[in-house]
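S.K.: Below is one structure. I have some questions about it.
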Amino acid sequence: MQKTCKNCSQNFEITDSDLKFYEEIGVPSPNLCPDDRAKRRMAFANQRNLYLRKCDGTSKTIISNFSSDKKFPVYAVDFFFSNDWDQLKTGRDYDFSRPFFDQFNDLMQVAPKIALQRSPSFDQNSDYTNYAGKNKNCYLIFDSDKNEDCYHSYSINSCISTMDCFRVSDSELCYECVDCTNCYNCRYLQNCDNCRDCYFLKNSIGCKNCFGSVNLRNKEFYFFNEKLSKEEYQKRLSENLHSYIKIQNLKNEFQNFILKFPHKAMEGIYNEDVFGNYLIQCKNAHDCYDSRKLWDCKYIQQAFDDAKSSMDCTQVGDAVEQLYECCYGGYGAYFNRFCSHTLGQSSYLTYCYYTPFCSYLFGCIGLHHQKYCILNKQYSKEEYEILMPKIIEAMKSPKSPLTRGLGHPLDKGGLGDCEWGEFFPTEISPFAYNETHAFDFYPISKEEILEKGWKWKDDIYEIPKVEKIIPANLLPDSINDIPDDILNWAVNCEITNKPFKIIKPELDFYRKMNLPIPHLHPDERHKNRMKLRNPKKLWNRNCMKCNSKIQTTYSPDRSEIVYCEQCYLALVY
Ligand SMILES: [Zn+2]
Ligand SMILES: [Zn+2]
């Protein structure tokens with residue numbers, strides 16, 4: 001059946017198997033389209049902005065993704081998991097005369113949150129990382145595990161000396177690479193595997209010493225898809241790499257060059273019955289992205305290994321099953337609905353936020369290792385089992401006092417008639433929308449954000465305390481002419497005018513790799529890498545070679561040539 005999104009008015013489809021899932025998990029069919037649902041979930045996580053603040057438990061200065069102006073307590077990771085504070089102090093009775101989300105919002109204002117999504121005891125010298133683990137000497141990397149000497153990257157795993165990358169794994173000495181694995185000493189690569197000593201490649205595998213090329217397999221000394229002698233290749237290479245201006249021109253030239261070559265409709269391997277992009281070892285996964293080992297899943301993004309029978313999840317994984325509208329959770333999680341930040345063996349949770357290692361909770365915030373709580377108040381198993389269904393029933397009733405009329409301050413999005421089945425409204429997120437993961441993917445203006453009744457934060461970026469700030473265009477063009485003094489300055493971003501600092505390991509990296517100093521703030525660089533990737537959205541099209549029907553993340557108005565998998569493979573092999 002077709003439904004119309006109550007937010008953006010676009011139609012979206014609900015299939016019979018979707019309805020079966022909703023029935024199994026005990027929820028009504030959604031009122032928002034998949035995109036608006038993802039956006040709403042992701043508005044409850046700030047992954048990439050970090051602030052210095054006090055731990056409200058120990059008064060020590062800590063780093064957190066919660067800025068110091070938040071009203072609720074924020075606890076350092078170790079303190080949060082200690083027994084030195086009373087978790088149930090914020091518990092309160094459920095009030096059947098008030099909407100659930102209003103009561104949840106009240107609890108949000110007082111319940112403690114955990115400072116970071118990582119375990120400092122597993123990291124070495126990697127204070128400025130988050131949603132990350134087992135990293136050594138890393139700085140400003142997020143959603144990333146098991147890296148060493150890596151900086152300014154997102155979703156990198158098992159990498160060494162790698163910088164400014166997005167979704168790169170098992171690689172070393174890589175710079176400005178996106179969606180690559182097993183690469184060594186490579187710069188400006190996208191969608192490449194097993195390459196070494198390459199520059200500006202796209203959709204290539206097993207290449208060495210190649211430059212500016214597309215769709216290569218096991219090639220050496222290719223320059224803009226032309227085979228050269230070793231001597232000629234080395235001559236052209238040295239002509240091109242010493243200057244910031246030349247690199248920018250090459251980037252533009254390469255983005256035009258790739259349009260001459262066919263692209264594969266979908267990226268993925270070892271899959272059966274899947275639609276989406278960047279899927280590995282998945283079966284029956286529809287509208288899923290950047291994920292591995294999904295089985296009977298739909299509308300999932302960034303899932304790590306092994307998720308089964310789940311819908312509408314973002315960043316969940318490691319043996320999870322039957323999750324609906326959940327994000328930033330995993331490790332054996334089972335039957336959770338509308339939950340965020342519930343990492344670590346959490347099961348049978350409904351409407352919970354920051355509740356790791358818990359089970360059988362409803363509407364709880366900032367608890368760990370707890371069972372049978374509602375609004376942070378402890379109940380016996382029997383009491384819980386009687387009260388929880390009553391609350392759900394009350395939330396379902398459109399005639400109950402829980403119904404918000406139009407114009408209710410928490411209902412500017414114009415959501416459903418009842419609360420049950422809706423994820424937390426963005427208005428009650430503890431983060432400003434422009435701090436969140438949602439803003440990365442669905443950026444909108446400050447005016448639009450405030451108009452929707454969401455929060456906006458002006459002072460996300462700390463102005464570095466430095467001797468001087470120099471405009472990026474006054475930087476020497478070549479890294480060889482950059483003095484050590486740059487470590488005492490800040491550079492003014494060419495696009496946003498936001499000043500940013502270069503740290504010593506970064507400067508060492510640029511010098512070692514002979515790379516010019518970037519002219520853009522790390523956030524702009526991150527945004528530019530994201531722009532290289534397709535949206536997490538599918539369009540029905542036809543293969544531009546054989547005309548067979550394809551579902552692809554290349555919208556019909558894009559300029560790339562798009563082939564079905566068979567036609568693409570026939571072309572490159
Ligand atoms: Zn929508
Ligand atoms: Zn085809």
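S.K.: Rounded to a whole number of µm²/s, how large is the Stokes-Einstein D of the stretch 1-58 at 20 °C and 1.002 mPa s, given Rh as the Kirkwood radius over C-alpha pairs?
M.R.: Answer from the Stokes-Einstein relation: 151 µm²/s.
S.K.: Still on this model: What relative contact order, as a whole-number percentage, does the stretch 271-332 give when Cα pairs under 8 Å and 6 or more residues apart are counted? Present the calculation step by step, with values, prior to reporting the outcome.
M.R.: Details: 199 pairs, mean separation 11.9, N = 62.
So the answer I get is 19 percent.
S.K.: Sorted by packing (mean other beta-carbon atoms within 10 Å per residue), highest first, where do 104-116, 251-263, 135-147 land?
M.R.: Those peptides, ordered most packed to least, come out 135-147, 104-116, 251-263.
S.K.: May I ask for the distance between the Cα centers of the stretch 42-117 and the stretch 193-265, given as a whole number of Å?
M.R.: Using only Cα atoms to place each centre, the spacing works out to 48 Å.
S.K.: Okay, moving on. Could you list log10 I(q)/I(0) for the chain at q = 0.07, 0.10, 0.11 Å⁻¹, which the Debye formula gives when each Cα is one point scatterer?
M.R.: Result of the Debye calculation: -0.44, -0.89, -1.07.
S.K.: Could you list which residues have their amide H under 5 Å from that of CYS207, counting only those 5 or more apart in sequence or on another chain, with H placed in the peptide plane?
M.R.: CYS195, ARG196, ASN218, LYS219
S.K.: Quick check: residue separation of TRP539 and GLN234 times 0.36 nm, minus the Cα distance between them. What number comes out in nm?
M.R.: 105.6 nm
S.K.: In addition: Find the Cα radius of gyration of the stretch 225-354, compare it with 2.2 N^0.38 Å by division, and give the number to two decimals. Display every interim value, and only then the final one.
M.R.: On the way: Rg = 21.4 Å, N = 130, 2.2 N^0.38 = 14.0 Å.
Here the answer is 1.53, to two decimals.
S.K.: List, in order, the whole-Hz ³J(HN,Hα) value for each residue of the stretch 160-168 obtained from phi through the Karplus relation with A = 6.51, B = -1.76, C = 1.60 and θ = phi - 60°; use x for Gly and Pro.
M.R.: Calculated HN-Hα couplings, in order: 10, 6, 10, 9, 6, 10, 9, 6, 10 Hz.
S.K.: Can you give the FRET efficiency to the nearest 0.05 for ASN528 and ASP16, using r as the Cβ-Cβ distance and R₀ = 41 Å?
M.R.: Calculated value: 0.45.
S.K.: For the stretch 456-573, what does the convex hull of the Cα positions come to per residue, in cubic angstrom?
M.R.: 175 Å³
S.K.: Right, here's the next one. To two decimal places, what compactness ratio does the stretch 468-530 give when its Cα radius of gyration is scaled by 2.2 N^0.38 Å?
M.R.: 1.04
S.K.: To continue, here is another question. Can you give me the distance in nm between label points at TYR461 and GLU226, each placed 7 Å from the Cα along the Cα-to-Cβ direction?
M.R.: 4.0 nm
S.K.: Could you tell me what percent of the accessible area of the stretch 499-573 is made up of carbon and sulfur, with a 1.4 Å probe and every protein chain present?
M.R.: 52 percent
S.K.: For LYS283, enumerate residues with amide H under 5 Å from its amide H, sequence gap 5+ or separate chain, H modeled in the peptide plane.
M.R.: Long-range HN contacts for LYS283: GLU272, LEU294, TRP295, ASP296.
S.K.: Same structure, new question: What order do you get for 223-233, 435-445, 155-165 when each peptide is scored by the mean count of other beta carbon atoms within 10 Å, highest first?
M.R.: 155-165, 435-445, 223-233
S.K.: Follow-up question, since we're still on this one. Can you give me the relative contact order of the chain as a percent, contacts being Cα pairs under 8 Å and 6 or more apart?
M.R.: Reported as a whole number, the value is 12 percent.
S.K.: What does the convex hull of the Cα atoms come to per residue for the stretch 271-332, in Å³?
M.R.: 48 Å³
S.K.: Any chance you could give the angle, 0 to 90 degrees and rounded to 10, that helix 230-240 forms with the longest Cα principal axis of the chain?
M.R.: Its long axis makes an angle of about 60 degrees.
S.K.: I've got another one for you. Mind checking the angle between helix 522-531 and the chain's longest principal axis? C-alpha axes, 0 to 90 degrees, to the nearest 10.
M.R.: 90 degrees
S.K.: Let me ask you something else. Which ³J(HN,Hα) values, rounded to whole Hz and listed in residue order, are derived for the stretch 447-456 from phi using the Karplus coefficients 6.51, -1.76 and 1.60 in 6.51 cos²θ - 1.76 cosθ + 1.60 with θ = phi - 60°, glycine and proline given as x?
M.R.: Those phi angles translate into 4, 4, 4, 5, 4, 6, x, 8, 8, 10 Hz.
S.K.: May I pose another question? How much of the pair distance distribution for the stretch 130-241 lies past 16 Å, counting alpha-carbon pairs only, in percent?
M.R.: For the stretch 130-241, the share of Cα pairs beyond 16 Å comes to 52 percent.
S.K.: Further question: Quantify, in whole percent, the carbon and sulfur part of the accessible surface of the stretch 271-332 (1.4 Å probe; protein heavy atoms only). Walk me through the numbers before you get to the answer.
M.R.: Details: 880 of 1960 Å².
On the stretch 271-332, the fraction of accessible area on carbon and sulfur atoms equals 45 percent.
S.K.: For ASP273, what charge total do you get from the other residues with a beta carbon under 12 Å from its beta carbon, if Lys and Arg give +1 and Asp and Glu give -1?
M.R.: 0
S.K.: Something else now. For the stretch 1-152, with all protein chains present and a 1.4 Å probe, just round the carbon and sulfur fraction of the accessible area to a whole percent. Don't skip to the end; give the middle numbers.
M.R.: Details: 3000 of 6710 Å².
Using a 1.4 Å probe with all protein chains present, the stretch 1-152 comes out at 45 percent carbon and sulfur.
S.K.: Can you return the lysines within cross-link range of LYS371? Criterion is Cα-Cα under 25 Å, with same-chain partners fewer than 8 residues away left out.
M.R.: LYS89, LYS113, LYS308, LYS381, LYS390, LYS396
S.K.: Tabulate in residue order the Karplus-calculated ³J(HN,Hα) for the stretch 207-224, using 6.51 cos²θ - 1.76 cosθ + 1.60 with θ = phi - 60°, rounded to whole Hz; enter x for Gly and Pro.
M.R.: Karplus values, whole Hz, x for Gly and Pro: 9, 10, 6, 10, 9, x, 10, 10, 6, 8, 10, 6, 10, 9, 6, 9, 10, 6.
S.K.: Further question on the same structure: Rounded to the nearest whole Å², what accessible area per residue is found for the chain with the 1.4 Å probe? Provide the component values of the computation, followed by the final result.
M.R.: On the way: 24410 Å² over 573 residues.
Dividing the accessible area of the chain by its residue count gives 43 Å².
The values are calculated or read from the model by the stated rules, or taken from the named source; none is laboratory data. Since this is a predicted model, take the numbers as computed values, not measurements. In this analysis, Cβ positions are derived from the backbone assuming ideal geometry, glycine residues included, and neighbour counts consider all displayed protein chains. Calculation scope for accessible area: heavy atoms of the full protein, side chains included, ligands and nucleic acids excluded. Shrake-Rupley method; radii C 1.70, N 1.55, O 1.52, S 1.80 Å.
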